[in-house]
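Visitor: I have a structure I would like to understand better, so I am pasting it below and will then ask my questions one at a time.
The values are calculated or read from the model by the stated rules, or taken from the named source; none is laboratory data. Values in this document were obtained by computation on a predicted structure and should not be read as measured data. Positions of Cβ are generated from backbone atoms using ideal geometry, with glycine treated the same way; all protein chains shown enter the neighbour counts. Protein only, heavy atoms only, side chains kept; ligands, DNA and RNA dropped before computing areas. Shrake-Rupley method; radii C 1.70, N 1.55, O 1.52, S 1.80 Å.
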Amino acid sequence: MKLVKEFPDSGSQEEWLARERAHLSQVLYRYTPLVIDRAQGSYLFTVDGRRYLDFASGIGVTNLGHGHPQVLKAAHEQLDKLMHISVVAHHQPAIELAERIAALAPGKLDKVFFANSGAEAVEGAIKLARYTTGRPGLIAFQGAFHGRTYGALSLTASKGYYRERYEPLLPAVYHVPYPYPYRNPTGADDSATLDYVFNFIDEMLDTRVPPKNVAAFIVEPVLGEGGYVVPPPAFMPRLRTLSDRHGILLIADEVQSGYGRTGKMFACEHTGVVPDIMTVAKSIASGLPLSAVVATSKLMDQWEPAAHGSTFGGNPVSCAAGIATLDVFKREHVLENATDKGAQLISRLRELQRRTPAIGEVRGLGLMVGIELVKQDHFEWGVSGGGSMSQTMTSERGQKTDAKTYKNYIGGHWVESKSGKTFTSNNPAHKNQVLGVMQASNADDVNAAIEAAVKAFPHWRHTPAPARGEIVLKAALIIEARKDELARLMTQEMGKVLKEAGGDVQEAIDMGKYAAGLGRHPHGETVPSELRNKWAMTVRVPLGVVACITPWNFPMAIPSWKIFPALMAGNAVVFKPASDTPIVATKLVEILEEAGLPGGVLNLVTGSGKDVGDVLVKDPRVQGISFTGSTDAGRHIAEIAGRNLKRLGLELGGKNAIVVLDDADLPLAVDGAVWAAFGTSGQRCTAASRLIVDKKVAKDFIDLLQERAAKMKVGDGLQPDTDMGPVINEAALKKVHEYTEIGKKEHARLVHGGDFAGSEGWFYRPTIFADGQKDMRMAQEEIFGPSTLVLPVSNLEEALEVANSTQYGLSMSIYTNDLRKAFHAMGEMQSGIVYVNAPTIGAEIQLPFGGVKNTGNGHREAGTVALDEFTEWKTIYVDYSGRLQRAQIDTGE
Ligand code: NAP
């Protein structure tokens, strides 16, 4: 590789440099000989009029570009009013900016001390920690850069020459290794890396510095100058736990990683860990000198007045620029941009890496991205393809959009469909809001994906299961670290309220962790043979290439239930997600790529059931199909799979029932009914669309239920006061309303709802019908929306007869305080899942999930049987007797 680092000679620049040499200290080293006259946006202009694209952003400072007009305007206005006042008096910009930062900072970090630079903020943090704990010790990490003033330099350990001739530095500073999986001496996996680091720390606390002498750990949540190392997701939580155990403060130095670079305001937000003290600088005022120490009131209030100070810190002009900077962050969606562009950058760099042996690792968070170059004798740069891009186009639905375009993932590459066609994914709460442009794939794409899977399968099959587990675990931890962001995206794409979306993501995390553990579980058994000197045993073997076809109602959980176990079993996967939620599906695939899944092992093809799903199912190279969706589609797929003798797991429709007996805790039963009938707007396969209630308590039950439904707020699931979001699309909305009409015609009594709830999105009011009869269509057919029917019955036997009277059998529940009746119902209910005194929803991933009758074909997902759907059994006999032994004949010898 030849690095071009030559700059054109220029008379005018040379003159300036000569003058600089005469009077400016050379100690401040500058990377280029450019003499800059002015800058605008992403461009720098030299004194002799040349224009350069600025890749350095003033070392991570001008994140909004040079001279953002809104920031300039605020600074100019403040200059005219008050430029400097120092400690002589108070001023408004500092107060207002402190309020804004406190509102953004994680946890209870609500008090701010302003300084001028990152190093000065670190000095402040050191002093605050020592002052408040009365302890001298500070533990920092190797590779860290915290600044070059004396205190900060004592913590810095990124380059030896920073310290040359300056020692002795601050005493009682200790350095420990930073978790750096790629260079970890005991193995590159996360757990080995963390064990190495924490064993080191434990030993240090045992042998060199007792914990009671340590004031603080100071850590960069993403290592900056030390190599843009993103630690394993469990690192910060473990460090937090360790700090808490010993009463040691945790300082997050967010000077490099903060202020939006990683896609969150502060990088520690990705980890869920709230530090005690945080340092912030760089782009906080878009180029004016400003930094901050942020801590809890509890801590800050122990720092007595005048115990620390700064003449220029929190200068009014810098603070005014800081306030404007935050306004721009919000208005221009800077965080979202960092997330999206970062994902694009990583994806493109990974493509490049696959063709460039000199790139050892591509890593990063948001736009804080690094590549690690390793020594190679020779290599050539390739030309990359592309992960996703932004473009303005007209979608198939006729909406003009500049939404991001997402691609298929085939053979480890993000590629466009050969069809040249796209479709859009829209927000059901704002039906005209296009969230993304997706590939409308065709048979050629499916063929390419299967081909890639076939190629990848042999290597993946031979990858040890524990190693497969490491990748799946890493994916689960990445999902965990990004839970909030994924939940928000899910709420936007699928509609369920944010809390429920968080639950959906959590299921994926749980499943990832659980499935990863299966890599170290027995994959077979050894059983006694009837003959001497003969062993008999079984092993699980993967099917080969399996198709995972998923619905939209659990866009993260259901794909995880399928893909994680399928991968753990050693299969290669082609994943076709529902066309209503393809972006969440794409995120899951991106995460598995980031976790290190080799190219081709998982392939994503978006597009319709007809053009993608059907072709996938029919292809003879696909040996297994895992399908969740409607009973009609499942039946169609089963016919194809049956004819071709393929392995098939089906999870289909439901018509679930809650039985409420006259001895039940009625308010508890109503709580359960509200959650089961209207949670996820009734669009759960386990939703309770039948409430079978003893006549003696039916009126009270209905009154209570109606009261609760009347209080429910229907709206955008991102709003904190929303109880129920929209249904998924127009067809679903029409279907729910159709059933309202059917219910009325069948003379069920409409108690609540029964109509639309606003036109901005696909909203329907929570709907309750009473006086239901078991043969009504409303009682027999899956509505899949916020509509439920109360069916009165006289006793338990009738309740069970009604409950069992449909073609479905996924989930049922009974509310009773009579143990005998509960056990009787548990035995008699014809469903795959039974709950007692709990609603029909609430499955946990460590138990099998699935239904009987037309809800499936006998397979179960998750739980101890999670691998069954994706493996064959191989039975092996080893005869080491050295002679022919005939089973069933030579048994007496
Ligand atoms: P769906 O219309 O059957 O679609 C499910 C998936 O199958 C989608 O990816 C769909 O693609 C695809 N598909 C449709 N027709 C196909 C075909 N001929 N060949 C191959 N793939 C095809 O179901 P949905 O509306 O997404 O989901 C709701 C249904 O799923 C409800 O009935 C619900 O009860 C059921 N469900 C069951 C469970 C369970 O565990 N039992 C869990 C969740 C949901 P497109 O999106 O492109 O149409």
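Visitor: Can you give me the pair-distance distribution of segment 610-685, C-alpha pairs, 5 Å bins, whole percents?
Guide: 3, 13, 19, 15, 10, 9, 9, 8, 6, 5, 2, 0
Visitor: Against the empirical 2.2 N^0.38 Å scaling, what ratio does the C-alpha Rg of segment 507-587 come to?
Guide: The reported ratio for this selection is 1.47.
Visitor: Cut-off under 18 Å on the C-alpha distance; same-chain residues fewer than 8 positions from K534 excluded. Which lysines are left, in chain and number order?
Guide: Within the straight-line cut-off, K534 pairs with K874.
Visitor: Let me ask something additional. Give the lysines reachable from K695 as a straight Cα distance under 16 Å; neighbours fewer than 8 places away on the same chain don't count.
Guide: Those lysines meeting the cut-off are K774.
Visitor: Additional query: Just for the Cα atoms in segment 122-167, what are the lengths along the principal axes, largest first, rounded to whole Å?
Guide: Extents along the principal axes, in whole Å: 32, 18, 14.
Visitor: Once the convex hull of the C-alpha atoms of segment 581-625 is built, how many Å³ does it hold per residue, rounded to a whole number?
Guide: Roughly 82 Å³ of hull volume per residue.
Visitor: Something else now. Starting from the Kirkwood Rh over alpha-carbon pairs, what translational D in µm² s⁻¹ does segment 675-753 have by Stokes-Einstein at 25 °C and 0.890 mPa s?
Guide: 174 µm²/s
Visitor: Sum -39500 (n - 2.57) across every DSSP H segment of at least 4 residues in the chain, then divide by the residue count to get the 222 nm mean residue ellipticity, nearest 500.
Guide: -11000 deg cm²/dmol
Visitor: How big is segment 827-881 on each of its three principal axes, counting only the C-alpha atoms and giving the largest first in Å?
Guide: Largest to smallest, the principal-axis extents are 58, 23, 22 Å.
Visitor: Sticking with this one: Pull up all non-local amide H partners of G143: gap of 5 or more, or a different chain, and H-to-H distance under 5 Å with H placed in the peptide plane.
Guide: A157, S158
Visitor: In nm², what is the average projected area of the convex hull enclosing the Cα atoms of segment 247-306?
Guide: So the Cα hull casts an average projection of 5.1 nm².
Visitor: Based on the Kirkwood radius over alpha-carbon pairs, what is the Stokes-Einstein translational diffusion coefficient of segment 51-110 at 10 °C with 1.306 mPa s viscosity, in µm²/s?
Guide: Here the translational diffusion coefficient equals 111 µm²/s.
Visitor: So what does log10 I(q)/I(0) come out to for segment 554-637 at q = 0.25 Å⁻¹, using the Debye formula with one equal point on every Cα and no solvent?
Guide: Those come out to -1.54, one per q.
Visitor: Whole-Å semi-axes of segment 62-212's equivalent ellipsoid, largest first, each the root of 5 times a Cα gyration tensor eigenvalue?
Guide: After scaling each eigenvalue by five and taking roots: 37, 20, 17 Å.
Visitor: Can you spot the aspartates and glutamates whose alpha carbon is less than 14 Å from K744's alpha carbon? Ignore those fewer than 8 places along the same chain.
Guide: Partners found: D755, D771.
Visitor: Okay, next question. Quick check on segment 672-821: of the DSSP beta bridges with both residues there, what percent are antiparallel, nearest 5%?
Guide: DSSP beta bridges in segment 672-821 are roughly 30 percent antiparallel.
Visitor: Could you order the peptides 525-532, 761-768 from most to least packed, using the average number of other C-beta atoms within 10 Å per residue?
Guide: So the order, starting with the most tightly packed, is 761-768, 525-532.
Visitor: Moving to a separate point now. Write down the percent of antiparallel bridges among all DSSP beta bridges whose residues are both part of the chain, to the nearest 5.
Guide: 50 percent
Visitor: By accessible area of protein heavy atoms, probe 1.4 Å, what ranking do D253, D662 get, highest first?
Guide: Per-residue accessible area, sorted high to low, gives D662, D253.
Visitor: Please work out the Cα center distance from segment 336-370 to segment 188-267, rounded to the nearest Å.
Guide: Comparing the Cα centres of segment 336-370 and segment 188-267, I get a distance of 24 Å.
Visitor: So what's segment 269-368 giving for Cα Rg divided by 2.2 N^0.38 Å, two decimals?
Guide: 1.49
Visitor: May I pose another question? With 25 Å as the limit, write out which pairs from K330/K587; K73/K127; K407/K734; K455/K513; K496/K821 have Cα-Cα distances beyond it, or answer none.
Guide: In this structure, K73/K127; K407/K734; K455/K513; K496/K821 exceed 25 Å between Cα atoms.
Visitor: Can you tell me the convex hull volume per residue for segment 1-136, based on C-alpha atoms, in Å³ to the nearest whole number?
Guide: Dividing the Cα hull volume of segment 1-136 by its residues yields 238 Å³.
Visitor: For every other residue with a beta carbon closer than 15 angstrom to the beta carbon of N553, add +1 if it is Lys or Arg and -1 if Asp or Glu, then tell me the sum.
Guide: -4
Visitor: Rolling a 1.4 Å sphere over the protein heavy atoms, what is the accessible area per residue of the chain, to the nearest Å²?
Guide: For the chain, the per-residue accessible area is 44 Å².
Visitor: Give the carbon-plus-sulfur fraction of the accessible surface of the chain in %, rounded to a whole number; probe 1.4 Å, heavy atoms of protein chains only.
Guide: Heavy-atom surface of the chain belonging to carbon and sulfur, 1.4 Å probe: 53 percent.
Visitor: Computed over the Cα atoms, what is the radius of gyration of segment 130-214 divided by 2.2 N^0.38 Å, N being its residue count?
Guide: 1.19
Visitor: Using modelled amide H (1.01 Å from N, peptide plane; none on Pro or chain starts), what sits under 5 Å from the amide H of W414, excluding residues fewer than 5 places away?
Guide: G386
Visitor: Average the reciprocal distances over every distinct pair of alpha-carbons in segment 473-519, invert the result, and give the Kirkwood radius in Å.
Guide: For segment 473-519, the Kirkwood estimate is 10.6 Å.
Visitor: Rg over Rh of segment 584-714, using C-alpha atoms and the Kirkwood radius, what does it come to?
Guide: Result for segment 584-714 is an Rg/Rh of 1.15.
Visitor: Which semi-axis lengths, in whole Å and largest first, follow from the square roots of five times the eigenvalues of the Cα gyration tensor of segment 79-161?
Guide: 28, 17, 13
Visitor: Taking the Kirkwood radius as the inverse of the mean 1/r across Cα pairs, report the Rg/Rh of segment 775-893.
Guide: Value, to two decimals: 1.24.
Visitor: Let me ask something else. Which net charge results for the neighbourhood of Q683, defined as the other residues with beta-carbon distances under 13 angstrom from its beta-carbon, given Lys and Arg at +1 and Asp and Glu at -1?
Guide: It works out to a net charge of -1.
Visitor: I need the per residue convex hull volume for segment 444-536, using only the alpha carbons, in cubic angstrom as a whole number.
Guide: In segment 444-536, the Cα hull volume divided by residue count equals 171 Å³.
Visitor: Using Stokes-Einstein with the Kirkwood hydrodynamic radius over Cα pairs, what translational diffusion coefficient do you get for segment 425-489 at 10 °C and a viscosity of 1.306 mPa s, in µm²/s rounded to a whole number?
Guide: Value of D from the Cα-based Kirkwood radius: 102 µm²/s.
Visitor: Over all alpha-carbon pairs in segment 403-462, figure out the percentage whose distance exceeds 13 Å.
Guide: Counting pairs separated by more than 13 Å, the tail of P(r) holds 66 percent.
Visitor: How are the alpha carbon pair distances in the chain distributed across 20 Å bins from zero to the largest one, expressed in percent?
Guide: Going out from 0 Å in 20 Å bins, the chain shows 13, 38, 34, 13, 2, 0 percent.
Visitor: If you don't mind, another one. Mind grabbing the accessible area of T62 for me, 1.4 Å probe, Å², rounded to tens?
Guide: The accessible area of T62 comes to roughly 20 Å².
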